[in-house]
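The next block holds one structure in the form of structure tokens; read it before the comments.
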Amino acid sequence: MTERTAFDAVADVVVVGAGSAGCAVAARLSEDPSVRVLLLEAGGRDGTPLFAVPGGQVLVRDWNRYAWRYACAADPTRGGRADEWRRGRILGGSSTINGLIWALGLPSDYDAWARAGLPGWGWSGVAPWFRRVERYADESPVERGREGPVAVEQFRSPHPLMPDLLASFATEGVPVVDDINAAAGAAVGVVQTNQRRGLRQSASAAYLGAARGRTNLEVWTDCRADRVLFEGGRASGLALRRGDRQARVAARKEIVLCAGAIASPLLLMRSGIGPGGLLQSLGIPLLVDAPDVGRHLQEHPELYVEYEVDVPTYTRHRQWLTMAGIGLQWALSRRGPATSPGSHLLGYAHSGRTPEGPPDLLLFAGPWGRLEDALAFTRGTPVFSLSPSVARPRSRGEIRPSGPHLEDPPHIEPNLLADAEDVRTLMDGVRLVDRIARAAPFARHVRRRLAPAVDLGDDAALERFVRDDASICYHACGTCRMGADGAAVLDGELRVRGVQGLRVADTSVIPAIPSGNLNAPAIMIGERAADFVRRAA
């Protein structure tokens, strides 16, 4: 990079965060050899095989090396439960450590964005960008991307109980489809994954692998952005910490924050863009009074409804002899439990509360129980779980800094079940998946329900289970939302209101959470951000 007085590096565009969106932004912009791009990542390189093998991360011990482990405040909506929000701290970000589920969500999710004043963000606007991203390997009744950088394939090794489970969904009126990402309404199917021949395809593998040889792209790891620097209201650079020393980088054209739904709003607030009263109380000079920065935190709350079944599941796969066999199967065929994503099923269904509208339940299922710790894998009981989640939750949380410095931890209030309607939807979701588990042909494999151990007709007992057991899905979004209203942090081209030369591109920009997982939407947002920057040049 060209040196300039008082700066350690100068680039045309500086991208903060090499996660799902950041890798896409940096790689796409660097396709133009005349544009110099600097990509900053707080974590390290992503060469460990523990993440390359989809099931390998169960062996990870030093999570502090690979992930931010954000401690949340006690959640009064769930009896004081305090979650740990784990986010990727490695090239590829959370796409390197996640459950590998590729979910586009439903067209109605994005059409709601357009109706809220974001033209171009409806399904007809985002679908071509999803196709640009994908390299989908299987058949589909709809047009899918075939030549994009991100490898996607239908999960190659579903558990043997999956055919009977899918048949039971059909028995209970939920359509079974071959391509769950072609669904426009209620449907279930085998999950699609970010894998290629049994290997994880993170955003780093997909985008940076081809881009690393470009002389106009430089990637700095072990580099934490402290605050954005401004000259006359325009973002001009960043103050950061690289390793154990302070550094400064300059941006000739733009800065794009892709640090994620937790870190991006914190970086904005440390830079003086956020709720005026809060920033002043922390001693942060106010640049733009933007009350919604850090607010509107959204997440899919989920539950594990567990059953003891009559065939082996993965609850015993931490035994060394079993694991050796699984490893050999993966090495020889790239199949088997070692290729397992976070769920073997993905689906959308109606709880019964909104039968005429879009599905209000997001569904997962897999051959394991709730993974509180490693012991969950060593139980002698074969466990299979069906997990209902609220597809479009109404509850909102908040993120704010606890102090003005980079080292100050964030204060995160998930408020996961703050809205009573979300609780009722989850209660009906538990009843729905229990009906499915007790329907033929899956029912013949069920010995007993392990959780919840209550009468599902007892509303008070079921609500207690929901509030005690609901957990996060690691689908944080909405904390730097884009919108047409004056309170929105960003406009429809992801520009931060009140300043120039600064955009945000990650799940924090999402105005209303899609019905599915967020890796695919994050990459789509990164692709669009690169296009916005390119067209503005």
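The values are calculated or read from the model by the stated rules, or taken from the named source; none is laboratory data. Predicted model only: the values in this text are computed from it and were never measured. Please note: Cβ atoms are built from the backbone with ideal geometry, for glycine as well, and neighbour counts cover all protein chains shown. Side chains included, ligands, DNA and RNA excluded: accessible areas come from the protein's heavy atoms. Shrake-Rupley method; radii C 1.70, N 1.55, O 1.52, S 1.80 Å.
Brief remarks follow.
- Under-5 Å amide H pairs with residue 226, H placed in peptide plane, nonlocal only: 239, 240, 241
- Residue (of 510, 368, 210) at the positive-pole extreme of the chain, dipole from beta-carbon charges: 210
- Relative packing of 21-31, 383-393, 403-413, which averages over residues the other C-beta atoms within 10 Å, highest first: 21-31, 383-393, 403-413
- Taking all C-alpha pairs of the stretch 131-226, those more than 18 Å from each other amount to 59 percent.
- Entry for percent of Cα pairs over 32 Å apart (calculated from the structure that is shown) out of (1) 52; (2) 41; (3) 61: (2)
- Relative contact order [Cα under 8 Å, 6+ residues apart], the stretch 1-122, whole percent: 21 percent
- Computed P(r) (all Cα pairs; the stretch 30-149; 5 Å bins; percent): 2, 8, 11, 12, 13, 18, 18, 11, 5, 1, 0, 0
- Dividing the convex hull volume of the alpha-carbon atoms in the stretch 430-490 by its residue count gives 169 Å³ per residue.
- Mean Cβ count within 10 Å, highest first, over the residues of peptides 84-93, 420-429: 84-93, 420-429
- Between residue 288 and 273, 274, the built amide H atoms are under 5 Å apart, and every one of these is 5 or more places off in sequence or on another chain.
- Degrees between helix 260-270 axis and first principal axis of the chain (Cα, 0 to 90, nearest 10): 30 degrees
- Solvent-accessible area per residue in the chain equals 37 Å², computed with a 1.4 angstrom probe and all protein chains kept.
- Between residue 468 and residue 332, the distance separating the two model label sites (each 7 Å from Cα on the Cα→Cβ line) works out to 4.5 nm.
- When the Cα positions of 23, 489, 532 are compared along the charge dipole of the chain, 23 comes out farthest toward the positive end, with charges on each C-beta of Lys, Arg, Asp and Glu.
- Counting only DSSP beta bridges whose two residues both lie in the chain, roughly 70 percent are antiparallel.
- Cα long-axis angle, helix 20-29 against the chain (0 to 90 degrees, to the nearest 10): 40 degrees
- Computed from the alpha carbon positions, the gyration tensor of the stretch 168-267 leads to an equivalent ellipsoid with semi-axes of 42, 19, 13 Å, biggest first.
- Computed with every protein chain present, the accessible area of residue 474 is close to 100 Å² [probe 1.4 Å].
- Calculated diffusion of the stretch 172-230, Stokes-Einstein form, Kirkwood radius summed over Cα pairs, 10 °C and 1.306 mPa s, µm²/s: 100 µm²/s
- Amide hydrogen proximity for residue 398: with H placed 1.01 Å from N in the peptide plane, the residues at 5 or more positions away or on another chain lying under 5 Å are 297, 413.
- Relative protection proxy for 147-160, 435-448, from highest mean packing down: 147-160, 435-448 (other beta-carbon atoms within 10 angstrom).
- Seen against the Cα atoms of the chain and their longest principal axis, helix 320-333 is set at about 70 degrees.
- Contact order relative to length of the stretch 266-322, as percent, for alpha carbon pairs under 8 angstrom and 6 or more apart: 25 percent
- The charge dipole of the stretch 161-243, taken about its Cα centre with unit charges on the Cβ of Lys, Arg, Asp and Glu (plus for the first two, minus for the last two), comes to roughly 680 debye.
- For the stretch 235-248, Karplus couplings with θ = phi - 60° (6.51, -1.76, 1.60), whole Hz, Gly/Pro x: 5, 10, x, 9, 8, 8, 10, 10, x, 9, 10, 7, 8, 9
- Whole-percent carbon and sulfur share, accessible surface of the chain, 1.4 Å: 50 percent
- The stretch 193-245 - percent relative contact order, Cα under 8 Å, separation 6 or more: 23 percent
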